[in-house]
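**Student:** This is the structure I have questions about; it appears just below.
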Amino acid sequence: MLFKNYKKKTDEQLMILVQKGDHHAFSSLYNRYADRLNAFFFRMLWSDSRMAEDYVHDLFSKIIERPQLFKPGNVVKPWLFQIASNMCKNGYRKRSFEVEYLKQLQVTGIAESVIEQKLDNEIITDQIRFSLEKLEEDRRTMFLLRYQQDLTIEEIAEIFEIPKGTVKSRLFHIKKFVERSIKN
Amino acid sequence: MENKDFDRLDTILRTKTYADLTNEEKAWIDEVLGKNGFEELSLMISSVSKEKKRTVRPAVKTELLREMKRKNRGVLATWLSYKTPMYANVLTLFFLMILVWTLLPSKEVIIEKPVTIQVPVIDTITVQLPSDTVFVERQVRVEVPVYLTRTEQPKEVDEKEVKSRTLGEDEALRELLVSGR
(Lines give C-alpha, C1' and ligand atoms only; values in the text may rest on other atoms or scores of the structure.)
Protein backbone atom coordinates (compact mmCIF):
# COMPACT_ATOMS: atom_id res chain seq x y z
CA MET A 1 0.00 0.00 0.00
CA LEU A 2 2.81 2.35 0.91
CA PHE A 3 4.87 1.70 -2.20
CA LYS A 4 2.20 1.15 -4.80
CA ASN A 5 0.26 4.06 -6.21
CA TYR A 6 -2.94 2.31 -7.16
CA LYS A 7 -4.55 5.46 -8.53
CA LYS A 8 -1.96 5.68 -11.30
CA LYS A 9 -2.33 2.06 -12.35
CA THR A 10 -4.39 1.10 -15.36
CA ASP A 11 -7.42 -1.16 -14.98
CA GLU A 12 -5.47 -4.01 -16.54
CA GLN A 13 -2.54 -3.61 -14.13
CA LEU A 14 -4.98 -3.59 -11.22
CA MET A 15 -6.64 -6.73 -12.50
CA ILE A 16 -3.29 -8.55 -12.67
CA LEU A 17 -2.66 -7.55 -9.05
CA VAL A 18 -6.13 -8.81 -8.14
CA GLN A 19 -5.19 -12.15 -9.69
CA LYS A 20 -2.22 -12.21 -7.29
CA GLY A 21 -4.57 -11.64 -4.36
CA ASP A 22 -3.92 -7.93 -3.79
CA HIS A 23 -7.01 -6.66 -2.00
CA HIS A 24 -5.96 -3.00 -2.30
CA ALA A 25 -5.99 -3.39 -6.08
CA PHE A 26 -9.40 -5.01 -5.83
CA SER A 27 -10.64 -2.08 -3.77
CA SER A 28 -9.36 0.41 -6.38
CA LEU A 29 -10.98 -1.51 -9.22
CA TYR A 30 -14.22 -1.67 -7.27
CA ASN A 31 -14.13 2.09 -6.67
CA ARG A 32 -13.72 2.69 -10.41
CA TYR A 33 -16.56 0.49 -11.61
CA ALA A 34 -19.04 -0.38 -8.87
CA ASP A 35 -21.19 2.75 -9.24
CA ARG A 36 -21.20 2.55 -13.04
CA LEU A 37 -22.16 -1.11 -13.02
CA ASN A 38 -24.84 -0.37 -10.45
CA ALA A 39 -26.36 2.30 -12.72
CA PHE A 40 -26.23 -0.13 -15.65
CA PHE A 41 -27.86 -2.96 -13.69
CA PHE A 42 -30.48 -0.58 -12.32
CA ARG A 43 -31.67 0.35 -15.80
CA MET A 44 -31.30 -3.15 -17.18
CA LEU A 45 -33.12 -4.86 -14.32
CA TRP A 46 -36.46 -3.10 -14.09
CA SER A 47 -35.11 -0.14 -12.07
CA ASP A 48 -34.82 -2.35 -9.02
CA SER A 49 -32.13 -0.81 -6.83
CA ARG A 50 -31.80 -3.78 -4.49
CA MET A 51 -31.47 -6.21 -7.35
CA ALA A 52 -28.91 -3.96 -9.02
CA GLU A 53 -26.75 -3.95 -5.88
CA ASP A 54 -27.07 -7.71 -5.58
CA TYR A 55 -25.85 -8.05 -9.13
CA VAL A 56 -22.89 -5.73 -8.46
CA HIS A 57 -22.02 -7.89 -5.45
CA ASP A 58 -22.33 -11.08 -7.49
CA LEU A 59 -20.20 -9.73 -10.31
CA PHE A 60 -17.34 -8.75 -8.00
CA SER A 61 -17.70 -12.05 -6.13
CA LYS A 62 -17.11 -13.80 -9.44
CA ILE A 63 -13.92 -11.78 -9.88
CA ILE A 64 -12.76 -12.78 -6.41
CA GLU A 65 -13.55 -16.43 -6.94
CA ARG A 66 -12.21 -16.77 -10.46
CA PRO A 67 -9.84 -13.88 -11.27
CA GLN A 68 -8.09 -16.10 -13.82
CA LEU A 69 -11.09 -15.56 -16.14
CA PHE A 70 -9.42 -12.31 -17.08
CA LYS A 71 -6.89 -13.18 -19.76
CA PRO A 72 -3.82 -11.09 -20.56
CA GLY A 73 -4.65 -8.89 -23.54
CA ASN A 74 -8.24 -8.34 -22.43
CA VAL A 75 -9.44 -4.82 -21.68
CA VAL A 76 -11.08 -4.54 -18.29
CA LYS A 77 -13.95 -2.18 -19.09
CA PRO A 78 -15.60 -4.17 -21.91
CA TRP A 79 -14.78 -7.38 -20.06
CA LEU A 80 -16.69 -6.21 -16.98
CA PHE A 81 -19.66 -5.00 -18.99
CA GLN A 82 -19.69 -8.25 -20.93
CA ILE A 83 -20.04 -10.16 -17.66
CA ALA A 84 -22.71 -7.68 -16.56
CA SER A 85 -24.73 -8.06 -19.77
CA ASN A 86 -24.52 -11.89 -19.54
CA MET A 87 -25.75 -11.70 -15.97
CA CYS A 88 -28.68 -9.57 -17.14
CA LYS A 89 -29.54 -12.19 -19.77
CA ASN A 90 -29.70 -14.80 -17.02
CA GLY A 91 -31.79 -12.38 -14.99
CA TYR A 92 -34.30 -12.02 -17.82
CA ARG A 93 -34.50 -15.76 -18.25
CA LYS A 94 -35.14 -16.18 -14.55
CA ARG A 95 -37.74 -13.42 -14.56
CA SER A 96 -39.63 -14.88 -17.53
CA PHE A 97 -39.68 -18.19 -15.68
CA GLU A 98 -41.09 -16.44 -12.60
CA VAL A 99 -43.79 -14.71 -14.66
CA GLU A 100 -44.75 -17.99 -16.31
CA TYR A 101 -44.91 -19.61 -12.93
CA LEU A 102 -47.16 -16.83 -11.66
CA LYS A 103 -49.53 -17.27 -14.58
CA GLN A 104 -49.71 -20.96 -13.84
CA LEU A 105 -50.52 -20.24 -10.20
CA GLN A 106 -53.33 -17.91 -11.23
CA VAL A 107 -54.76 -20.54 -13.55
CA THR A 108 -54.70 -23.20 -10.87
CA GLY A 109 -56.17 -20.75 -8.37
CA ILE A 110 -53.32 -20.87 -5.91
CA ALA A 111 -53.08 -17.87 -3.61
CA GLU A 112 -50.91 -14.90 -4.54
CA SER A 113 -47.29 -15.75 -3.98
CA VAL A 114 -44.39 -13.77 -2.62
CA ILE A 115 -43.02 -13.46 -6.17
CA GLU A 116 -46.16 -11.68 -7.32
CA GLN A 117 -46.03 -9.27 -4.43
CA LYS A 118 -42.43 -8.57 -5.26
CA LEU A 119 -43.26 -7.89 -8.90
CA ASP A 120 -46.06 -5.53 -7.89
CA ASN A 121 -43.77 -3.59 -5.59
CA GLU A 122 -41.25 -3.18 -8.34
CA ILE A 123 -43.61 -1.33 -10.69
CA ILE A 124 -42.24 2.17 -10.77
CA THR A 125 -43.84 4.83 -12.89
CA ASP A 126 -40.65 5.83 -14.60
CA GLN A 127 -40.79 7.13 -18.14
CA ILE A 128 -37.28 5.98 -19.04
CA ARG A 129 -37.95 2.57 -17.62
CA PHE A 130 -41.04 2.14 -19.78
CA SER A 131 -39.24 3.39 -22.86
CA LEU A 132 -36.31 1.09 -22.26
CA GLU A 133 -38.46 -1.92 -21.58
CA LYS A 134 -40.00 -1.60 -24.99
CA LEU A 135 -36.55 -2.18 -26.50
CA GLU A 136 -35.32 -5.66 -27.27
CA GLU A 137 -32.89 -7.06 -24.75
CA ASP A 138 -29.75 -6.70 -26.89
CA ARG A 139 -30.67 -3.21 -28.13
CA ARG A 140 -31.43 -2.07 -24.59
CA THR A 141 -28.00 -3.27 -23.48
CA MET A 142 -26.33 -1.56 -26.43
CA PHE A 143 -28.27 1.64 -25.89
CA LEU A 144 -27.31 1.83 -22.22
CA LEU A 145 -23.69 0.94 -22.87
CA ARG A 146 -23.44 3.61 -25.53
CA TYR A 147 -25.42 6.45 -23.99
CA GLN A 148 -25.32 5.76 -20.28
CA GLN A 149 -21.82 4.33 -19.92
CA ASP A 150 -20.25 6.16 -22.88
CA LEU A 151 -18.61 3.05 -24.26
CA THR A 152 -17.18 3.30 -27.75
CA ILE A 153 -18.60 1.33 -30.67
CA GLU A 154 -15.40 -0.78 -30.63
CA GLU A 155 -15.92 -1.65 -26.98
CA ILE A 156 -19.57 -2.59 -27.55
CA ALA A 157 -18.54 -4.72 -30.53
CA GLU A 158 -16.02 -6.49 -28.25
CA ILE A 159 -18.69 -7.14 -25.62
CA PHE A 160 -21.15 -8.66 -28.07
CA GLU A 161 -18.41 -10.24 -30.16
CA ILE A 162 -19.89 -8.83 -33.35
CA PRO A 163 -18.51 -6.45 -36.03
CA LYS A 164 -18.67 -2.70 -35.45
CA GLY A 165 -21.01 -2.28 -38.42
CA THR A 166 -23.56 -4.61 -36.83
CA VAL A 167 -23.49 -2.58 -33.61
CA LYS A 168 -24.09 0.65 -35.53
CA SER A 169 -26.85 -0.93 -37.53
CA ARG A 170 -28.62 -2.24 -34.43
CA LEU A 171 -28.33 1.07 -32.66
CA PHE A 172 -29.61 2.91 -35.72
CA HIS A 173 -32.68 0.70 -35.78
CA ILE A 174 -33.66 2.01 -32.36
CA LYS A 175 -35.23 4.86 -34.35
CA LYS A 176 -37.79 2.39 -35.63
CA PHE A 177 -38.76 1.60 -32.08
CA VAL A 178 -39.09 5.32 -31.36
CA GLU A 179 -41.29 5.82 -34.44
CA ARG A 180 -43.47 2.91 -33.35
CA SER A 181 -43.73 4.16 -29.78
CA ILE A 182 -44.77 7.63 -30.99
CA LYS A 183 -47.43 6.16 -33.26
CA ASN A 184 -48.78 4.14 -30.30
CA MET B 1 -24.89 3.68 -45.80
CA GLU B 2 -26.61 2.80 -42.54
CA ASN B 3 -23.33 3.07 -40.66
CA LYS B 4 -22.73 6.58 -41.99
CA ASP B 5 -26.27 7.51 -41.04
CA PHE B 6 -25.71 6.13 -37.56
CA ASP B 7 -22.49 8.12 -37.07
CA ARG B 8 -24.26 11.29 -38.16
CA LEU B 9 -27.34 10.66 -36.02
CA ASP B 10 -25.19 9.65 -33.04
CA THR B 11 -23.22 12.90 -33.20
CA ILE B 12 -26.31 15.07 -33.60
CA LEU B 13 -28.21 13.32 -30.80
CA ARG B 14 -25.32 13.75 -28.39
CA THR B 15 -24.58 17.38 -29.14
CA LYS B 16 -27.68 19.20 -30.31
CA THR B 17 -31.32 19.81 -29.57
CA TYR B 18 -33.84 20.09 -32.42
CA ALA B 19 -33.74 23.87 -32.20
CA ASP B 20 -29.92 23.87 -32.65
CA LEU B 21 -30.05 21.97 -35.93
CA THR B 22 -29.16 23.62 -39.23
CA ASN B 23 -31.71 23.57 -42.04
CA GLU B 24 -29.88 20.79 -43.78
CA GLU B 25 -29.75 18.71 -40.58
CA LYS B 26 -33.41 19.42 -39.87
CA ALA B 27 -34.36 18.19 -43.31
CA TRP B 28 -32.35 15.00 -42.82
CA ILE B 29 -33.69 14.38 -39.30
CA ASP B 30 -37.27 14.92 -40.48
CA GLU B 31 -36.68 12.36 -43.16
CA VAL B 32 -35.03 9.77 -40.91
CA LEU B 33 -36.80 10.24 -37.56
CA GLY B 34 -39.23 13.11 -37.64
CA LYS B 35 -39.24 15.95 -35.14
CA ASN B 36 -41.11 14.03 -32.44
CA GLY B 37 -38.95 10.97 -32.88
CA PHE B 38 -35.78 13.04 -32.58
CA GLU B 39 -37.00 14.80 -29.47
CA GLU B 40 -38.11 11.53 -27.86
CA LEU B 41 -34.77 9.85 -28.54
CA SER B 42 -32.84 12.95 -27.51
CA LEU B 43 -34.71 13.07 -24.21
CA MET B 44 -34.04 9.41 -23.54
CA ILE B 45 -30.33 9.82 -24.22
CA SER B 46 -29.97 12.93 -22.08
CA SER B 47 -31.88 11.29 -19.19
CA VAL B 48 -29.85 8.13 -19.35
CA SER B 49 -26.49 9.89 -19.68
CA LYS B 50 -27.16 11.83 -16.47
CA GLU B 51 -27.27 8.63 -14.48
CA LYS B 52 -23.91 7.17 -15.42
CA LYS B 53 -23.20 6.35 -11.79
CA ARG B 54 -25.38 5.14 -8.98
CA THR B 55 -23.91 4.84 -5.49
CA VAL B 56 -23.65 1.38 -4.02
CA ARG B 57 -24.12 0.92 -0.28
CA PRO B 58 -20.72 0.81 1.54
CA ALA B 59 -21.76 -2.52 3.12
CA VAL B 60 -21.40 -4.21 -0.28
CA LYS B 61 -17.76 -3.17 -0.56
CA THR B 62 -17.02 -4.18 3.02
CA GLU B 63 -18.50 -7.61 2.43
CA LEU B 64 -16.56 -8.08 -0.81
CA LEU B 65 -13.26 -7.01 0.75
CA ARG B 66 -13.82 -9.45 3.61
CA GLU B 67 -14.46 -12.15 1.03
CA MET B 68 -11.29 -11.20 -0.85
CA LYS B 69 -9.12 -11.27 2.28
CA ARG B 70 -10.64 -14.56 3.38
CA LYS B 71 -9.89 -16.14 0.03
CA ASN B 72 -6.31 -14.91 -0.22
CA ARG B 73 -5.03 -15.33 3.32
CA GLY B 74 -1.83 -17.32 3.87
CA VAL B 75 -1.60 -21.03 4.60
CA LEU B 76 -0.33 -20.42 8.14
CA ALA B 77 -3.23 -18.11 8.97
CA THR B 78 -5.65 -20.67 7.57
CA TRP B 79 -4.18 -23.42 9.68
CA LEU B 80 -4.09 -21.31 12.81
CA SER B 81 -7.66 -20.19 12.52
CA TYR B 82 -9.07 -23.45 11.24
CA LYS B 83 -11.99 -24.24 13.44
CA THR B 84 -12.20 -27.82 14.75
CA PRO B 85 -14.29 -29.13 17.62
CA MET B 86 -12.47 -29.39 20.93
CA TYR B 87 -12.97 -33.17 21.18
CA ALA B 88 -11.24 -33.57 17.79
CA ASN B 89 -8.22 -31.60 19.01
CA VAL B 90 -8.01 -33.66 22.21
CA LEU B 91 -8.28 -36.94 20.29
CA THR B 92 -5.61 -35.86 17.81
CA LEU B 93 -3.25 -34.93 20.64
CA PHE B 94 -3.92 -38.24 22.40
CA PHE B 95 -3.19 -40.31 19.28
CA LEU B 96 -0.10 -38.28 18.57
CA MET B 97 1.23 -39.00 22.06
CA ILE B 98 0.59 -42.74 21.65
CA LEU B 99 2.28 -42.71 18.25
CA VAL B 100 5.38 -40.98 19.60
CA TRP B 101 5.50 -43.32 22.58
CA THR B 102 5.26 -46.40 20.35
CA LEU B 103 7.54 -45.41 17.54
CA LEU B 104 10.42 -43.85 19.42
CA PRO B 105 13.17 -46.51 20.13
CA SER B 106 14.20 -46.85 23.78
CA LYS B 107 17.90 -46.04 24.28
CA GLU B 108 20.24 -46.97 27.17
CA VAL B 109 21.84 -43.90 28.51
CA ILE B 110 25.57 -44.37 29.13
CA ILE B 111 27.37 -41.61 30.89
CA GLU B 112 31.13 -41.66 30.58
CA LYS B 113 32.99 -40.26 33.55
CA PRO B 114 36.82 -40.22 33.78
CA VAL B 115 38.16 -41.56 37.14
CA THR B 116 41.80 -41.21 38.25
CA ILE B 117 43.24 -44.13 40.25
CA GLN B 118 46.70 -43.83 41.76
CA VAL B 119 48.57 -47.14 42.02
CA PRO B 120 51.86 -47.10 43.98
CA VAL B 121 54.74 -48.90 42.27
CA ILE B 122 57.38 -50.35 44.55
CA ASP B 123 60.53 -51.72 43.00
CA THR B 124 63.54 -53.21 44.71
CA ILE B 125 67.00 -53.57 43.11
CA THR B 126 69.67 -55.75 44.62
CA VAL B 127 73.17 -54.46 43.76
CA GLN B 128 76.20 -56.57 44.58
CA LEU B 129 79.41 -54.57 44.27
CA PRO B 130 82.94 -56.19 44.05
CA SER B 131 85.21 -55.42 47.05
CA ASP B 132 87.92 -53.58 45.10
CA THR B 133 85.60 -51.13 43.55
CA VAL B 134 86.53 -47.52 44.18
CA PHE B 135 84.13 -44.81 43.52
CA VAL B 136 85.53 -41.59 42.21
CA GLU B 137 83.10 -38.87 42.34
CA ARG B 138 83.62 -36.13 39.90
CA GLN B 139 81.37 -33.33 39.10
CA VAL B 140 81.07 -32.41 35.49
CA ARG B 141 79.25 -29.30 34.66
CA VAL B 142 78.63 -28.35 31.12
CA GLU B 143 76.32 -25.61 30.11
CA VAL B 144 74.33 -26.57 27.11
CA PRO B 145 72.14 -23.97 25.49
CA VAL B 146 68.72 -25.32 24.84
CA TYR B 147 66.48 -23.93 22.15
CA LEU B 148 62.93 -24.95 22.26
CA THR B 149 60.83 -24.89 19.14
CA ARG B 150 57.35 -26.24 18.74
CA THR B 151 56.08 -27.30 15.35
CA GLU B 152 53.16 -29.43 16.36
CA GLN B 153 50.95 -30.28 19.27
CA PRO B 154 52.99 -32.10 21.93
CA LYS B 155 52.20 -35.73 22.03
CA GLU B 156 50.75 -37.04 25.17
CA VAL B 157 52.95 -39.44 27.07
CA ASP B 158 51.66 -42.90 27.11
CA GLU B 159 51.42 -43.27 30.86
CA LYS B 160 50.55 -46.89 30.67
CA GLU B 161 53.77 -47.75 28.92
CA VAL B 162 55.85 -45.72 31.34
CA LYS B 163 54.21 -47.22 34.34
CA SER B 164 54.63 -50.76 33.07
CA ARG B 165 58.42 -50.45 32.81
CA THR B 166 60.06 -50.90 36.22
CA LEU B 167 63.73 -50.61 37.08
CA GLY B 168 63.92 -54.34 37.66
CA GLU B 169 62.67 -54.98 34.18
CA ASP B 170 64.97 -52.52 32.39
CA GLU B 171 67.96 -54.76 31.60
CA ALA B 172 70.21 -52.07 30.19
CA LEU B 173 69.91 -49.85 33.22
CA ARG B 174 70.55 -52.71 35.54
CA GLU B 175 73.70 -53.70 33.67
CA LEU B 176 75.05 -50.17 33.90
CA LEU B 177 74.46 -49.93 37.58
CA VAL B 178 75.99 -53.31 38.30
CA SER B 179 79.08 -52.96 36.13
CA GLY B 180 79.73 -49.35 37.10
CA ARG B 181 80.86 -48.49 33.58
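**Student:** Conditions: (1) more than 20 Å from B:VAL56 (Cα to Cα); (2) surrounded by 17 or more Cβ atoms within 10 Å (Cβ to Cβ). A:ASN90 meets all but one. Number of the miss?
**Tutor:** Just one mismatch for A:ASN90, condition (2).
**Student:** Go through the stretch A:23-51 and give me each residue that's facing chain B (nearest Cβ under 10 Å) and within 21 Å of B:SER47 (Cβ to Cβ).
**Tutor:** Result: A:ASP35, A:ARG36, A:LEU37, A:ASN38, A:ALA39, A:PHE40, A:PHE41, A:PHE42, A:ARG43, A:SER49.
**Student:** A:ASP54 passes all but one of (1) more than 15 Å from the chain's Cα centre (by Cα); (2) surrounded by fewer than 19 Cβ atoms within 10 Å (Cβ to Cβ); (3) at the interface with chain B (Cβ under 10 Å from one of its Cβ atoms); which number fails?
**Tutor:** (1) is the only condition that A:ASP54 fails.
**Student:** If only one of A:ILE64, A:ILE16 is β-branched (Val, Ile, Thr) and surrounded by fewer than 19 Cβ atoms within 10 Å (Cβ to Cβ), which one is it?
**Tutor:** Values: A:ILE64 fails: surrounded by fewer than 19 Cβ atoms within 10 Å (Cβ to Cβ).
Unique residue meeting the criteria: A:ILE16.
**Student:** Now for a separate question. Report, ordered by the first and then the second residue, all pairs with beta carbons closer than 6 Å, sequence separation of six or more or different chains, a first member in the stretch B:31-54 that is more than 7 Å from chain A (Cβ to nearest Cβ) and part of a helix (DSSP H, G or I), and a second member that is crowded, with 17+ Cβ neighbours inside 10 Å and not polar (S, T, N, Q).
**Tutor:** If the second residue must be crowded, with 17+ Cβ neighbours inside 10 Å and not polar (S, T, N, Q), the pairs left are B:PHE38/B:ILE29; B:SER42/B:LEU13.
**Student:** In the stretch B:1-30, what count of residues is obtained for those that are in contact (Cβ under 8 Å) with a residue 12 or more places away in the chain and either of a type in the set (A, V, I, L, M) or at the interface with chain A (Cβ under 9 Å from one of its Cβ atoms) (or both)?
**Tutor:** Qualifying residue count for the region: 6.
**Student:** Any chance you could count how many residues in the stretch B:65-98 are among the hydroxyl-bearing types (Ser, Thr, Tyr) and at pLDDT 80 or above? Lay out the reasoning, then the answer.
**Tutor:** To start, the set of residues in the stretch B:65-98 that are among the hydroxyl-bearing types (Ser, Thr, Tyr) comprises B:78, B:81-82, B:84, B:87, B:92.
Subset that is at pLDDT 80 or above: B:87, B:92.
Count: 2.
The values are calculated or read from the model by the stated rules, or taken from the named source; none is laboratory data. Predicted model only: the values in this text are computed from it and were never measured. FYI the Cβ positions are ideal-geometry reconstructions off the backbone, even for glycines, and counts take in every protein chain you see.
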